[in-house]
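Structure, as structure tokens:
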Amino acid sequence: MMIRSSLFREFSSILIILALGCSSVLTQVDSIRLRKDLEQITGTSSYRHFMNPQTLDSVADFIFSEFSTNADTVYYQDFMVNSVRYRNVIAVFGKQNQNTLVVGAHYDVCGMQQGADDNASGIVGLLELSRLLKGRKFSRRIELVAYTLEEPPFFRTENMGSYIHARSLHKKNMDVEGMISLEMIGYFKEARGTQDYPIKLMKMFYGSRGNYIAVVNKTKKGIFARQFTKHFKQSSTIPVKSISAPRSIPGIDFSDHLNYWNFGFSALMITDTAFYRNKNYHQQSDTIDTLDLSNMAAVIQAVFEVLIQ
């Protein structure tokens, strides 16, 4: 009887150790963490736009701190615009590998607004991905990049943080597998008539309900974008609709992925379609309470599932 009790205790201890070991590797997105991160990013004392570089720095420091607990390497990519220093924040996983996959989002806003969806939602996606990727082994190098200066007056200029990063990869002759832009991933509506499009005819094909996440590609999107779109659809627990269209269609290149296209890399955008659905776009009403954190978590989870395939 004593021997059986001893064996039972040892067996129980092994199970506990195994359970603790497994629990140290996160596998699911946590909506509670998403809200806390959103509150941290949107709750700055001043608005995080280009005229408040100290506020941008405080957000960059928060991102850096969170990345640092999870990634192999974290560093700032500083650049000067109009004699002011701005910075991207970069977290690297699988740093020993050559082929590179970039997942990026911007942390600046347009004007005087909290920018919960645009684009704190994308940055929170990066933070959560960093936690999920922690401690894993990869066959590729993964860079999570938090950009600044995506918004006007710098959009479509060489001062965009994403331009700075894409150019640096190009200059280094990096083997870039592809790039994913997380651009507004938190706003969803089930009602009819909540989804607009740049071309009215598109409503016949994609519907009038803003209840899906979109994967936006250009025509001739490249191998990475094609494969990622396929696997993302398979991994997602919420509806996914993909579009491949010329860059001349409004909205197709409305984010950081455009600069990777400009340097010849395969890139795509994951989005709730911005102002085609979310009428809080670039308004003071773009707040946390307008977001669907459950669907937002599902988007991040699907990205993670594809990254670890």
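The values are calculated or read from the model by the stated rules, or taken from the named source; none is laboratory data. Computed from a predicted structure; not experimentally measured. Because the Cβ atoms are built from the backbone with ideal geometry, glycine has one as well, and the counts that use them run over all protein chains shown.
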Checklist line | Enumerated strands (runs of 3 or more DSSP E) restricted to the range 30-141, each holding at least 1 residues that are under 19 Å from PHE155 (Cα atoms) and within 16 Å of the chain's Cα centre (by Cα) | finding: 84-93, 100-106
Notebook entry, point to check: Has the range 171-178 got at least one residue that is among the hydrophobic types (A, V, I, L, M, F, W, C), in contact (Cβ under 8 Å) with a residue 24 or more places away in the chain, within 23 Å of ARG35 (Cα to Cα) and surrounded by fewer than 24 Cβ atoms within 10 Å (Cβ to Cβ)?
Noted result: no
Checklist line | Count of residues meeting criterion [surrounded by fewer than 20 Cβ atoms within 10 Å (Cβ to Cβ), touching an Asp or Glu at 6+ places or on another chain (Cβ under 8 Å) and either under 14 Å from LYS189 (Cα atoms) or at pLDDT below 95 (or both)] in the range 281-301 | finding: 1
Check: Being touching a Lys or Arg at 6+ places or on another chain (Cβ under 9 Å), under 20 Å from GLU151 (Cβ atoms) and either at pLDDT 95 or above or surrounded by fewer than 16 Cβ atoms within 10 Å (Cβ to Cβ) (or both), is that true of even one residue in the range 217-236?
Finding: no
Notebook entry, point to check: Any idea which of (1) over 13 Å from the mean Cα position of the chain (by Cα); (2) surrounded by 19 or more Cβ atoms within 10 Å (Cβ to Cβ); (3) aromatic (Phe, Trp, Tyr) is the one PHE304 doesn't satisfy?
Noted result: (1)
Next item on the list: Name the single residue, out of those in the range 187-216 being within 18 Å of the chain's Cα centre (by Cα) and outside any loop (DSSP other than H, G, I, E, B), that is surrounded by the fewest Cβ atoms within 10 Å (Cβ to Cβ).
Entry: VAL215
Notebook entry, point to check: With (1) of a type in the set (A, V, I, L, M, F, W, C); (2) closer than 28 Å to ARG167 by Cβ; (3) in contact with an Asp or Glu (Cβ under 7 Å, 6 or more places away or on another chain) as the list, and MET51 as the residue in question, which single condition is left unmet?
Noted result: (3)
Checklist line | Hits in the range 243-262 - residues which are part of a loop (DSSP other than H, G, I, E, B) and farther than 17 Å from VAL145 by Cα | finding: PRO246, ARG247, SER248, ILE249, PRO250, GLY251, ILE252, ASP253, PHE254
Next item on the list: Taking the residues in the range 62-77 that are among the polar types (S, T, N, Q) and touching a residue at least 40 places away in the same chain (Cβ under 8 Å) as candidates, determine which candidate is nearest to LEU149 (Cα to Cα).
Entry: GLN77
